[in-house]
Every structure is written in structure tokens, then in C-alpha cells.
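The values are calculated or read from the model by the stated rules, or taken from the named source; none is laboratory data. If you're wondering where the values come from, they're calculated on a predicted model, not measured in any experiment. A quick note on method: Cβ atoms are made from the backbone with ideal geometry, for glycine too, and the neighbour counts reach across all protein chains shown. Note: accessible area is taken over every heavy atom of the protein model, side chains too, but ligands, DNA and RNA are not part of it. Shrake-Rupley method; radii C 1.70, N 1.55, O 1.52, S 1.80 Å.
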Amino acid sequence: MVKVDVVDISQWWPVGKDGEPLSVYAVHKQIADKPFAVTRHTLTRARDGQLEKAAITNLKNLAEICSVWAKQKVTIDEIIKER
């Protein structure tokens, strides 16, 4: 079986007041005006651990988004997983 590197941000994905994960639409709306915004497609693929190709800028932005959610520095190395 071939191992593939993917971006997976599921462990940092925010939850709502009801304890359920926020929708991609809600998250995208929250970050749309931020300098680290990414597309809904990128968010969806990264949330599901299925983002296999990404621009360096998107990797940096996803790590920054996760850092905001985690309230601590999250690096690009931490969001890339081997599957």
C-alpha cells in the first residue's frame, strides 16, 4: 500500500455551542475577511483529511487558522499527516 501525505485539520476543527462541528460555510464566513482566508473547497478537503495538493500559501494559511482555533502555534508539519 502506498502512503500519501495529506493535510488534515480535523483535530482543530471548531465546534458550536451545541457541541457539533461547525459547518464549512460557517467557518468560511468567519475567516472570509482575514488575511489567512482559504476557499470552502480547501477547508472541506482539509477538514476531511483529503487535501493531497495545496499551494504553499494555503498550507501556511491553514496552519494559521488552526493556530487561532487552538490558541497556540500550529505548524505546517502538524497539519500534514501520512495515510
Q. Would you pick out the residues in the stretch 31-54 that are aliphatic (A, V, I, L, M) and in contact (Cβ under 8 Å) with a residue 40 or more places away in the chain?
A. LEU51, ALA54
Q: Out of the residues in the stretch 63-83 that are under 12 Å from the mean Cα position of the chain (by Cα) and polar (S, T, N, Q), state the one that is most open to solvent (accessible area, probe 1.4 Å).
A: THR75
Q.
Just checking, does the stretch 18-39 include any residue being assigned to a strand (DSSP E or B) and open to solvent by 30 Å² or more (accessible area, probe 1.4 Å)?
A. yes
(Q) Going through LYS60, LYS53 one at a time, which residue ends up being within 20 Å of ASP5 (Cα to Cα), among the charged types (D, E, K, R), in a loop (DSSP other than H, G, I, E, B) and open to solvent by 30 Å² or more (accessible area, probe 1.4 Å)? (A) LYS53
(Q) Please verify whether VAL2 is outside any helix (DSSP H, G or I), open to solvent by less than 20 Å² (accessible area, probe 1.4 Å) and of a type in the set (Val, Ile, Thr), treating the condition exactly as stated. (A) no
